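All remarks here apply to the structure that follows.
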Amino acid sequence: EILSPSFDDKPETVNRFREGKWKMPWLNSFITNGFDSPLVKQFEISGIPKPILVNREGRIIATENDLRGPNLAKTLARVLGENK
């Protein structure tokens with residue numbers, strides 16, 4: 001699952017962004033209390049964007065550079081068991 005945490009000032013800002021150029025058809029969450037949020041501490045978010053890939057059991061299986069640029073396809077192929 002892909003999750004995009006948002007630190008915007010209100011949920012409506014996230015909704016407007018998603019209606020624009022970047023549709024982001026995955027889960028988006030609005031984080032209250034910014035970097036003081038317990039969720040931010042749990043996922044060790046020190047800046048955004050922070051890509052995090054979580055498996056069905058809720059375990060983090062990839063982050064950061066493994067989910068950026070050409071590494072994204074490689075990581076997804078490995079995780080999903082595809083041979084590309």
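Here are some notes:
- Summing Lys and Arg as +1 and Asp and Glu as -1 over all other residues whose Cβ lies under 13 Å from the Cβ of residue 42 gives a net charge of +1.
- Cβ-derived FRET efficiency at R0 22 Å, residue 64 paired with residue 17, nearest 0.05: 0.50
- Net charge, residue 11 excluded, C-beta distance under 15 Å - Lys, Arg +1, Asp, Glu -1: -1
- Residues whose amide H comes within less than 5 Å of that of residue 52, counting only those at least five positions distant or on another chain, are 3 (H built at 1.01 Å from N in the peptide plane).
- Counted charge near residue 20, where neighbours are those whose Cβ lies closer than 15 Å (Asp, Glu -1; Lys, Arg +1): +1
- For residue 28, the residues 5 or more places off, or on other chains, whose built amide H falls under 5 Å of its own are 4.
- On a per residue basis, the chain carries 77 Å² of accessible surface, using protein heavy atoms and a 1.4 Å probe.
- Hz values of 3J(HN,Hα) by residue in the range 28-44 - Karplus curve (6.51, -1.76, 1.60), Gly and Pro given as x: 10, 10, 9, 9, 7, 6, x, 6, 8, 5, x, 5, 4, 5, 4, 8, 6
- In this Cβ point-charge picture (+1 for Lys and Arg, -1 for Asp and Glu), the range 1-73 has a dipole of about 200 debye about its Cα centre.
- With every protein chain in place, the chain: carbon and sulfur % of accessible area (1.4 Å): 54
The values are calculated or read from the model by the stated rules, or taken from the named source; none is laboratory data. Source: prediction; values computed, not measured. Note that each Cβ is placed from the backbone with ideal geometry, even for glycine, and that neighbours are counted across all protein chains shown. Keep in mind that these areas ignore ligands, DNA and RNA; they rest on the heavy atoms of the full protein, side chains included. Shrake-Rupley method; radii C 1.70, N 1.55, O 1.52, S 1.80 Å.
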